[in-house]
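As structure tokens, the structure follows; a few thoughts come after it.
We did not get these values from a lab; they are worked out from the coordinates using the rules stated. A quick note: this is a predicted structure, and the numbers were derived from the prediction, not measured. Glycine also receives a Cβ, built like all others from the backbone with ideal geometry; neighbour counts cover every protein chain displayed.
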Ligand SMILES: Nc1ncnc2c1ncn2[C@@H]1O[C@H](COP(=O)(O)OP(=O)(O)OP(=O)(O)O)[C@@H](O)[C@H]1O
Ligand SMILES: [Mg+2]
């Protein structure tokens, strides 16, 4: 198996005025291509921050972050955006769909941003929509959808461009048990079918049983298992 | 796809969208009407002056151009000398005066016979020609604007006149009286402001002009065609500055409203911009979304502004028939480009701010 994420001595310090808030204090982590990893730990231990750094949404303060062979520490903001566009799909706890667009519009916009404007992407879209059981909901806006449906649309949006890595920050945090299970099963299916690497943050120990491996975090560190 | 996002955003905020479209429309209307009115008045004046039927105008040396046909420094006997020059068919001395009650209106004091000889005669819609010194004629447009009928009395230059007749518009002024009457009112007996000269053969205007220049070296002689071609805003002192100031005013309205709209839009949509970034949208992509949204708003505003301008012109035509508004495709295009540029400038900073938002903070934004 090949390594798709490798993190060495990663530090991330937020500065609020003169106060320094260390969110990550020397994280080391390796993730294999196609792995489904869950990231657990108490609130404020730096899980989201780690995901944001891997996804290129924020720059590391120091250390090495290599994603699919590219070192994010050396990359400009623009290059990190490129990487995110091509290789990363984000799923958030709060769904984060664009409220003015329909479900279909949200997914199509993801294709557009990624630059897939040809017929291929349409077929791809249909396949993903079908797989997530969303065929009947495409014409609806987010507020007309249930939480579970919104999160499935968000997943469809994240995976439609076939990113190598899906970063999911508590995707089931706002869902009831039934919908949580549905969403997790879908992530598993994506992981199996397309071999997408998934990093999933959760507070729920049950959720982590769906995954290949559990990574524990505490105070900006990863605990050795 | 971006278009869909943009339209959805605009539809989601109908009030704000309406407001900025209206601002752009007002910007357009201001530009089109101010320009249209100045050009319209100039063109109308030129057309009426041409309607006198003369090929040559004789003016005092010192008279300034276009708006300057006032004062009465020309001795009327001079007209007889001009009439004797070969090639001249008729000469009409005219005293002019501007009446300013109820809008600025030019009054021509004419010698009816000589004026008719140059102009070919009035076409009377009501009443008859000038006979007594206390009589005036007005054209149909003036009559309509002031609801006048032949036979009634009118106040002009602090005197009461009888309206002898209403004539078809297009022959110099909108109000006519006998030249001696006007000369008396102005305290300038025997003096005129301008001589309108009709030549026998218009093709020989240049030769006649030469001849007259020799005869009257101390006067300003103008070829009517040339005179009319010079009747543009840039030849009227101060007019271009006025237009520029009005356009600047219009532009600042458009620019400010677009700035406020787009700025408040991006503040309100901070979270959505963060989402776009998390989806891999580049700074350029974000900037283009904001600019395209502005462009769409502006395009709708431009369309509405053009429509509104035509509507207002029609209304003006009914309420103030003496105010001609000239709307040309050239100026519609120019006004549109000006509005587009103003909107662009107004949205550059908001677009830049949007692209510089911190994605994570934006997503956390409530
Ligand atoms: N943008 C920021 N500016 C300043 N401090 C931040 C910022 N983002 C996170 N932090 C701080 O960094 C630390 C780690 O935050 P992070 O959101 O990564 O925790 P988390 O493990 O995801 O917590 P939770 O389970 O509550 O989501 C916290 O102390 C937090 O206050
Ligand atoms: Mg978190």
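Across the stretch B:62-217, how large is the tail of the calculated P(r) beyond 20 Å, expressed as a percent of all Cα pairs?
That tail contains 50 percent of the Cα-Cα pairs.
With springs only between Cα atoms under 10 Å, which of B:12, B:25, B:92 fluctuates most in a Gaussian network model of chain B?
Largest GNM mean-square fluctuation: B:12.
How would A:58, B:232 line up from fewest to most surrounding beta-carbon atoms within 10 angstrom?
B:232, A:58
Tell me the angle of helix B:14-51 to the major Cα principal axis of chain B, expressed in degrees between 0 and 90 and rounded to the nearest ten.
For B:14-51 against chain B, the angle is about 20 degrees.
Pairing the Cα long axis of helix B:239-268 with the longest principal axis of chain B, what angle in degrees results, from 0 to 90 and rounded to the nearest 10?
So the helix axis and the longest Cα principal axis differ by about 20 degrees.
Suppose the chain between residue A:16 and residue A:136 were pulled fully straight at 0.36 nm per residue; how much longer would it get relative to their current alpha carbon spacing?
Stretched fully, the residue A:16-residue A:136 segment lengthens by 38.6 nm.
Using 7 Å Cα-to-Cβ label points, what is the residue B:268/residue A:126 separation (nm, one decimal)?
Spacing of the two 7 Å Cα→Cβ label points: 3.8 nm.
At 7 Å along Cα-to-Cβ for each site, give me the label-to-label distance between residue B:104 and residue B:144 in nm.
A separation of 2.3 nm, rounded to one decimal place.
Sort B:248-256, A:173-181 by the packing proxy (mean of other Cβ within 10 Å over each peptide's residues), most packed first.
Result, highest mean first: B:248-256, A:173-181.
By counting other Cβ atoms within 10 Å of each Cβ, how are B:288, A:62 ranked from fewest to most?
Taking fewest neighbouring Cβ atoms as first place, the list is A:62, B:288.
Over all residues in A:155-164, what is the mean tally of Cβ atoms on other chains that come within 10 Å of each residue's Cβ?
1
Using a 10 angstrom cutoff on alpha carbons, build the Gaussian network for chain B and name the most mobile of B:74, B:296, B:326.
Of B:74, B:296, B:326, the Gaussian network model singles out B:296 as fluctuating most.
Per DSSP helix of 4 or more residues, -39500 (n - 2.57); summed, then divided by the residues of the protein assembly as shown. What does that give at 222 nm, rounded to the nearest 500?
-15500 deg cm²/dmol
Residue by residue through B:278-289, how many Cβ atoms from other chains fall within 10 Å of the Cβ on average?
Neighbouring Cβ atoms belonging to other protein chains average 6 per residue here.
Name the residue, out of B:51, B:187, B:121, whose mean-square fluctuation peaks in a Gaussian network model built on chain B with Cα pairs under 10 Å.
Sorting by GNM fluctuation, first place goes to B:187.
Which of A:203, B:169 comes first, and how do the rest follow, when ranked by fewest Cβ neighbours within 10 Å?
A:203, B:169
State, to one decimal in nm, how far the label point of residue A:30 lies from the label point of residue A:218, with both points 7 Å from Cα in the Cβ direction.
2.3
Give me a single rounded figure for A:96-103: the average over its residues of other chain Cβ atoms within 10 Å of their Cβ.
6
Between the helical axis of A:119-131 and the dominant principal axis of chain A, each derived from Cα atoms, what acute angle in degrees is found, rounded to the nearest 10?
With both axes taken from Cα atoms, the answer is about 90 degrees.
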